[in-house]
Amino acid sequence: GLGFNIVGGTDQQYIANDNSIYVSWIKKDGAAYLDGRLQEGDKILAINGKELKDLRHKDAVELFRNAGYYVSLKIQRRLQPQNGPVGHGGDGESGGLPLAAILVPGLALAATAVWILLRYRQRM
């Protein structure tokens, strides 16, 4: 897939009283890692223009699985880590950073992504 894991949702809150979806882990050499913009702890506000408000965790996972080849994320960058779960600020909109695409159009990156996908499928 996209090379990262998510946590959160209405049924699995990562932060108390917060239904948001967060990046929990980025796979080394995965698509998100190679792109370099997404960070562990980032709050994902939207995927391909669809807001991730008040979704169950499994519904958010399905959105990511069905996102397609080119993915656009709107995220909110975390603040400096604190003593506990990831810190975040604001109402989720002012800090949004639109990512044009996790897989930036381009032959070199597309070829790398295909190679990673084929290698991953061979291991399954």
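The values are calculated or read from the model by the stated rules, or taken from the named source; none is laboratory data. For clarity, every value in this text was computed on a predicted model and none was experimentally measured. Areas reflect the complete protein model, heavy atoms only, side chains present, ligands, DNA and RNA absent. Shrake-Rupley method; radii C 1.70, N 1.55, O 1.52, S 1.80 Å.
Brief remarks follow.
- Residue-by-residue Karplus 3J(HN,Hα) for segment 3-15, coefficients 6.51, -1.76, 1.60, Hz, glycine and proline x: x, 8, 10, 10, 10, x, x, 5, 9, 9, 4, 7, 10
- 3J(HN,Hα) couplings calculated from phi for segment 24-33 with the Karplus curve 6.51 cos²θ - 1.76 cosθ + 1.60 (θ = phi - 60°) are, in sequence order, 9, 7, 10, 6, 4, 6, x, 4, 5, 4 Hz; Gly and Pro show x.
- Solvent accessible area, Å² - GLU40, 1.4 Å probe, full protein context: 80 Å²
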